[in-house]
Amino acid sequence: MKNRLVRFVMVGFMLLFMHGCGPGAGPYNHKRVPTVIGKEALEQDYFCASCEGQDFHQQDNAGAVYAFDLNGRAVRVLCLSEWVQIDGKSIRMPLPTRCELGKVFVSRALLSYVKNIGRIGQGRPIKVVIDPGHGGKDPGAIGNGLREKDIVLDIARRLKRYLVSSGAQVQMTRDSDVYITLKRRAYLANKWAPDVFVSIHANSSRNPGGRGIEVYYVSEKVNDTNRAVVSQENGSLEVEGSVPDSELEVVLWDMIHTENRAESRHLARKISHKIARIMQSPDRGAKGAPFYVLKWVNVPSVLIEVGFVSNPQEAHRLASPRYRDRIARAIFEGLISYFEELKRQ
């Protein structure tokens with residue numbers, strides 16, 4: 001009975017939040033939610049929404065729904081929920097809103113959404129190419145009932161929605177279950193001339209304990225730790241029957257990538273850091289490896305392995321739409337962080 005009552009109250013709050021209600025006059029009771037946010041988390045992951053000017057107001061008598069203006073956008077938040085409304089549109093944040101210490105703390109990711117990413121570019125929107133790995137006759141890694149090509153396409157679509165909602169222009173090398181050669185992917189990316197190229201993949205290992213999300217940039221170096229994943233992702237070259245590139249092509253493209261490699265490494269580090277924060281996992285850092293699809297794209301490029309389908313626990317998480325959405329948000333926040341730093345520079 002108690003659990004049923006709790007669910008009823010939470011559903012009531014959600015209905016009030018999603019459909020609106022009149023402003024309440026009741027005082028805010030900060031004892032309703034225990035104080036659990038550490039100082040470091042407050043500084044890095046949250047900002048105080050109730051400290052942002054005079055336009056902040058409570059919208060229900062229970063002290064759970066609040067509304068305020070942020071950079072000219074109308075925002076509504078629900079305590080203990082990841083969902084917020086921006087100009088009437090519901091968007092899930094990486095972290096839930098916390099009502100503590102007599103104040104309301106909201107995920108810093110909200111700041112990324114209310115700012116138009118298009119303003120970060122020099123008079124034009126940011127352009128991103130997303131490359132969901134494999135597809136069609138090439139399923140990629142298979143394990144625990146999952147196929148790599150399906151997982152990465154779903155994450156890519158979610159990432160695209162986040163980017164488009166923030167004003168970016170996005171192209172995908174594939175948006176359905178079709179087979180596209182690695183050379184064709186690189187060709188399409190260069191044709192669209194994006195600011196960055198993001199290739200999304202899933203990993204597999206003979207060791208069922210293999211786990212974690214990894215972010216790579218192009219490098220000619222290969223070691224025992226990344227040799228298997230490079231062989232796996234470059235294996236499509238055998239499927240498509242490609243021929244070796246000419247010596248002149250190799251020299252010219254190496255000159256281009258000497259310039260792009262440093263930016264690619266920086267972009268990979270930004271994304272890796274955000275993944276660690278949002279997914280609450282160890283920061284594995286950025287790694288260099290000779291991935292073919294990165295080598296022939298002439299803009300800063302990264303390849304992200306979103307997890308191991310060969311690991312039963314990780315496969316179970318990857319099967320969850322909510323988990324895949326968190327990965328997409330983490331990549332999105334990494335891209336935002338990268339472009340905002342470029343703007344400051």
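Quick notes on this structure:
- The set of residues in segment 200-213 being of a type outside the set (S, T, N, Q) and in a strand (DSSP E or B) consists of Ile200, His201, Ala202.
- Residues of segment 160-199 satisfying the condition of being assigned to a helix (DSSP H, G or I) and closer than 23 Å to Arg92 by Cβ: Lys160, Arg161, Tyr162, Leu163, Val164, Ser165
- For segment 150-172, filtering for residues that are without any contact (Cβ under 8 Å) to a residue 40 or more places away in the chain, aliphatic (A, V, I, L, M) and closer than 15 Å to Leu318 by Cα leaves 1.
- Of all the numbered requirements in (1) touching a residue at least 60 places away in the same chain (Cβ under 8 Å); (2) part of a helix (DSSP H, G or I), Gly140 misses one, and that requirement is (2).
- Residues of segment 188-204 satisfying the condition of being in contact with a Phe, Trp or Tyr (Cβ under 9 Å, 6 or more places away or on another chain) and more than 30 Å from Ser310 (Cβ to Cβ): Asn190, Asp195
- Against the numbered list (1) at pLDDT 95 or above; (2) farther than 18 Å from Ile130 by Cβ; (3) in contact with a Phe, Trp or Tyr (Cβ under 8 Å, 6 or more places away or on another chain), Ile304 comes up short only at (2).
- Val170 being surrounded by fewer than 17 Cβ atoms within 10 Å (Cβ to Cβ), among the aliphatic types (A, V, I, L, M) and either closer than 16 Å to Ile130 by Cβ or not assigned by TED's automatic domain parsing to the domain that holds Ser205 (or both): no
- Residue check, Val218 farther than 24 Å from Leu146 by Cα and at pLDDT 80 or above: yes
The values are calculated or read from the model by the stated rules, or taken from the named source; none is laboratory data. Small disclaimer: the values here were computed from a predicted structure and weren't measured. FYI the Cβ positions are ideal-geometry reconstructions off the backbone, even for glycines, and counts take in every protein chain you see.
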